[in-house]
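Engineer: Got a structure here, written out as structure tokens. Questions coming.
The values are calculated or read from the model by the stated rules, or taken from the named source; none is laboratory data. The shown structure was predicted, so the numbers you read here are calculated from the model rather than taken from an experiment. All Cβ positions, even for glycine, are placed from backbone atoms using ideal geometry, and neighbour counts span all protein chains on display. Heavy atoms of the whole protein, side chains included, go into the accessibility calculation; ligands, DNA and RNA do not. Shrake-Rupley method; radii C 1.70, N 1.55, O 1.52, S 1.80 Å.
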Amino acid sequence: MTGRVRRVPEAGRVRKAFSPREAFRCYAARFDPVTDPRARRLLAVELVVVLLVTFGLAGLYSVLDLTSALLAPEPLAGQTATLNPSRSTHAWLDAGYQVLSVLRLVAWSLLPLVLLAHTGIGPKAVGLVRDRAGRQIAWGFALAAVIGIPGLAFYLGAVAAGFNLQVAASGLTETWWRPVVLVLAAAGNGAAEEILVVGYLLVRLRQLGVPPAVALVGTALLRGSYHLYQGFGGGLGNLAMGIVFALWWMRTRRLWPLVLAHTLLDVVAFVGYALLAPHVAWL
């Protein structure tokens with residue numbers, strides 16, 4: 001009797017990739033909790049400090065920004081949250097400010113890799129691998145479409161319902177370097193958020209013995225928190241994105257598709273807004 005390879009339908013593979021039970025099983029099998037009490041305390045302190053100098057602090061600022069917006073006389077939908085704002089009326093000085101902002105994001109993406117390396121966890125262990133590059137790129141584009149298309153509809157609905165501020169994805173004046181800076185900012189955001197909020201945070205939470213479901217919700221809540229300056233819609237939309245991205249990483253331990261997907265989303269938002277805003281009334 002000749003054996004036949006049973007092919008799983010593509011839809012079945014996608015469902016399996018985002019199955020919480022399968023993701024939690026794979027995640028728990030790859031990283032073991034640290035049992036030494038002193039090492040656990042050091043990891044906990046490290047985690048708190050990293051968050052306080054990066055996205056945790058950004059989340060606290062966003063809560064204050066949202067509170068300020070709610071206390072303003074104008075409704076949320078009548079206010080604007082500007083991303084990548086211009087920092088100077090002098091073009092060359094503004095360019096310097098923007099480059100420094102990108103460098104800060106680069107530092108935020110490298111910091112967790114350095115800290116993980118000191119405990120014997122290299123970039124490959126958190127999913128920064130180069131195997132099957134074509135497949136990883138394809139998944140990056142697929143994830144960007146899965147998040148981006150519903151995300152735009154959700155944003156427009158949240159603004160129309162009065163739960164969100166208008167988001168100006170670029171506040172830069174028209175210069176020759178604007179598209180370059182916006183693309184670099186998009187790549188910086190993608191690298192910093194996915195490496196730190198997904199790769200680093202999920203590894204450290206597992207080492208501290210946090211249950212997979214709690215770790216999943218924790219990372220998603222963190223991602224949602226530092227987008228609250230955009231309003232409730234921005235927070236909820238990014239919370240949903242955080243759940244999808246964390247489940248993907250737990251299941252596959254592949255980080256490059258998440259970095260690529262996030263970068264693509266931000267490139268479309270930043271550059272697209274800069275090009276279309278003067279001509280499209282609803283942006």
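Engineer: On the given criteria, is A192 over 23 Å from N164 (Cα atoms), under 12 Å from the mean Cα position of the chain (by Cα) and crowded, with 21+ Cβ neighbours inside 10 Å? Talk me through it step by step, then tell me what you get.
Structural biologist: Details: over 23 Å from N164 (Cα atoms): yes; under 12 Å from the mean Cα position of the chain (by Cα): yes; crowded, with 21+ Cβ neighbours inside 10 Å: yes.
Yes, satisfied.
Engineer: Further question: Which residue out of W249, W256 is closer than 21 Å to K124 by Cβ, open to solvent by less than 30 Å² (accessible area, probe 1.4 Å) and of a type in the set (F, W, Y)?
Structural biologist: Numbers: W256 fails: open to solvent by less than 30 Å² (accessible area, probe 1.4 Å).
When all the criteria are applied, what remains is W249.
Engineer: May I ask you to say which residue of V268, V244, V203 is open to solvent by less than 30 Å² (accessible area, probe 1.4 Å) and touching a residue at least 24 places away in the same chain (Cβ under 8 Å)? Before you say what the answer is, go through the steps one by one.
Structural biologist: Working: V268 fails: open to solvent by less than 30 Å² (accessible area, probe 1.4 Å); V244 fails: open to solvent by less than 30 Å² (accessible area, probe 1.4 Å).
Selected residue: V203, the only one of V268, V244, V203 that is open to solvent by less than 30 Å² (accessible area, probe 1.4 Å) and touching a residue at least 24 places away in the same chain (Cβ under 8 Å).
Engineer: Filter region 163-174 down to the residues that are open to solvent by 30 Å² or more (accessible area, probe 1.4 Å) and part of a loop (DSSP other than H, G, I, E, B) and list them by number.
Structural biologist: F163, T173, E174
Engineer: Then there is this: Quick check, is L93 open to solvent by 50 Å² or more (accessible area, probe 1.4 Å), assigned to a helix (DSSP H, G or I), over 23 Å from E193 (Cβ atoms) and modelled with pLDDT of 95 or more? Spell out how you get there, then give the answer.
Structural biologist: Numbers: open to solvent by 50 Å² or more (accessible area, probe 1.4 Å): yes; assigned to a helix (DSSP H, G or I): yes; over 23 Å from E193 (Cβ atoms): yes; modelled with pLDDT of 95 or more: yes.
For L93, the condition - open to solvent by 50 Å² or more (accessible area, probe 1.4 Å), assigned to a helix (DSSP H, G or I), over 23 Å from E193 (Cβ atoms) and modelled with pLDDT of 95 or more - is met.
Listed here are the residues, each with its yes/no results for (1) in contact (Cβ under 8 Å) with a residue 40 or more places away in the chain; (2) of a type outside the set (V, I, T); (3) at negative phi.
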site: V45; (1), (2), (3): no, no, yes
site: F55; (1), (2), (3): yes, yes, yes
site: G59; (1), (2), (3): yes, yes, yes
site: V63; (1), (2), (3): yes, no, yes
site: A72; (1), (2), (3): no, yes, yes
site: D94; (1), (2), (3): yes, yes, yes
site: V114; (1), (2), (3): no, no, yes
site: A117; (1), (2), (3): no, yes, yes
site: V129; (1), (2), (3): yes, no, yes
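Engineer: Sticking with this one: Assess whether A39 counts as being small (G, A, S), surrounded by 12 or more Cβ atoms within 10 Å (Cβ to Cβ) and free of Cβ contacts under 8 Å to residues at least 24 places away in the same chain.
Structural biologist: Working: small (G, A, S): yes; surrounded by 12 or more Cβ atoms within 10 Å (Cβ to Cβ): yes; free of Cβ contacts under 8 Å to residues at least 24 places away in the same chain: yes.
In short, yes.
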